[in-house]
Amino acid sequence: MKYFNLHTHQFTNQLDVLELVNQYPQEFDVAIPFYSIGIHPLFINENRLESDFKVVGEKLALPECLALGECGLDKRSETPFEVQQLVFEKQLALAEKHQKPVVIHCVAAFQELIEIKKRLKISVPMIVHGFSKKVELAKQLIDNGFYVSFGKNLLRYPELESVFKSIPNDRFLLETDMIEEGIQEVYALATKYKNLKLNELQEIVNGNYKAVFEFNKQ
């Protein structure tokens, strides 16, 4: 594969791109070939949780569902944080059961995220998507076994160059999330920042893809 897009909300159906399209249990599109599915902390509906968990569990059992997510913790959410934690931890149990990696949305709750990973002894790969924080937090996440994914913020904020450069080559992925730019533009900037040729970056990302999504086949 030439390009891997860890997290996108738009299926563009390009032959040279493997897109992990974000799906929600309440609005699932069966036409999308590869996807992740999860209960987002901003969209927790306590009246619908039972049916949402049922859908997430059913989809995680399918080979075309590559990951759980996006799910996680968000202190901007109107949902009480304790409820978010319970929903997140229950989803992590499903990821462990089905041996699927986790795409994480995290806002202002990174220490809680690290604590949950340690306490629950999560063994599946966990990727913090849309990373936009400082080098110190990136290092802390990596030291605790997380991967980090860059996309929208890397294109928008030049100050993230030093953060991205600091990430070990075996711990990052790339994405577009909800931006109009294609994954090719994200790769182009990542290539520049890492001082690599495009084929070298593609080889690195493909290796990280295998480590994250084929970890249970090794």
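The values are calculated or read from the model by the stated rules, or taken from the named source; none is laboratory data. All figures in this text were calculated on a predicted structure; none of them were measured in a lab. For neighbour counting, all protein chains shown are included, and Cβ atoms are generated from backbone atoms with ideal geometry for every residue, glycine included. Calculation scope for accessible area: heavy atoms of the full protein, side chains included, ligands and nucleic acids excluded. Shrake-Rupley method; radii C 1.70, N 1.55, O 1.52, S 1.80 Å.
Note on the stretch 58-87: among residues that are more than 18 Å from the chain's Cα centre (by Cα) and not in a loop (DSSP other than H, G, I, E, B), the one that is nearest to VAL107 (Cα to Cα) is PHE81. Tallying residues that are among the hydrophobic types (A, V, I, L, M, F, W, C) and over 14 Å from GLU112 (Cβ atoms) within the stretch 67-99 yields 5. Report, by residue number, each residue of the stretch 76-91 that is of a type outside the set (Ser, Thr, Tyr), surrounded by fewer than 21 Cβ atoms within 10 Å (Cβ to Cβ) and out of contact with any Asp or Glu (no Cβ under 9 Å at 6 or more places or on another chain). Correct list: ARG76, GLU78, PRO80, GLU82, LEU86, GLU89, LYS90.
For the stretch 37-50, the condition holds for at least one residue, the condition being that it is among the hydrophobic types (A, V, I, L, M, F, W, C), open to solvent by 60 Å² or more (accessible area, probe 1.4 Å) and not in a strand (DSSP E or B).
Within the stretch 51-65, restricting attention to residues that are open to solvent by 30 Å² or more (accessible area, probe 1.4 Å) and among the aliphatic types (A, V, I, L, M), which residue is nearest to GLN26 (Cα to Cα)? Step by step, filter the stretch 51-65, then rank; the result is VAL55. Within the stretch 24-36, the residues that satisfy the criterion of being among the aliphatic types (A, V, I, L, M) and open to solvent by 60 Å² or more (accessible area, probe 1.4 Å) are VAL30, ALA31.
Output the qualifying pairs, or none if there are none: Cβ atoms under 6 angstrom, residues six or more apart or on different chains, first residue in the stretch 49-74 and of a type in the set (A, V, I, L, M), second residue outside any helix (DSSP H, G or I) and open to solvent by 40 Å² or more (accessible area, probe 1.4 Å). Pairs found: LEU66/PHE34.
The residues on offer are ILE127, ILE116, and the sole one that is assigned to a strand (DSSP E or B), modelled with pLDDT of 95 or more and under 17 Å from the mean Cα position of the chain (by Cα) is ILE127.
Against the numbered list (1) open to solvent by 30 Å² or more (accessible area, probe 1.4 Å); (2) more than 27 Å from VAL87 (Cα to Cα); (3) at pLDDT 95 or above, LYS133 comes up short only at (2). Before we move on, is GLU112 closer than 29 Å to PHE88 by Cα, surrounded by 15 or more Cβ atoms within 10 Å (Cβ to Cβ) and not hydrophobic (A, V, I, L, M, F, W, C)? So GLU112 fits the description; yes. Residues that are buried (at least 22 other Cβ atoms within 10 Å of the Cβ) and touching an Asp or Glu at 6+ places or on another chain (Cβ under 7 Å) occur at least once in the stretch 12-23. Taking the criterion of being at pLDDT below 95 and surrounded by 13 or more Cβ atoms within 10 Å (Cβ to Cβ), the only residue of the stretch 191-218 that qualifies is PHE215.
Entry remark, the stretch 158-190: residues being open to solvent by 20 Å² or more (accessible area, probe 1.4 Å) and in a helix (DSSP H, G or I) number 10 in total.
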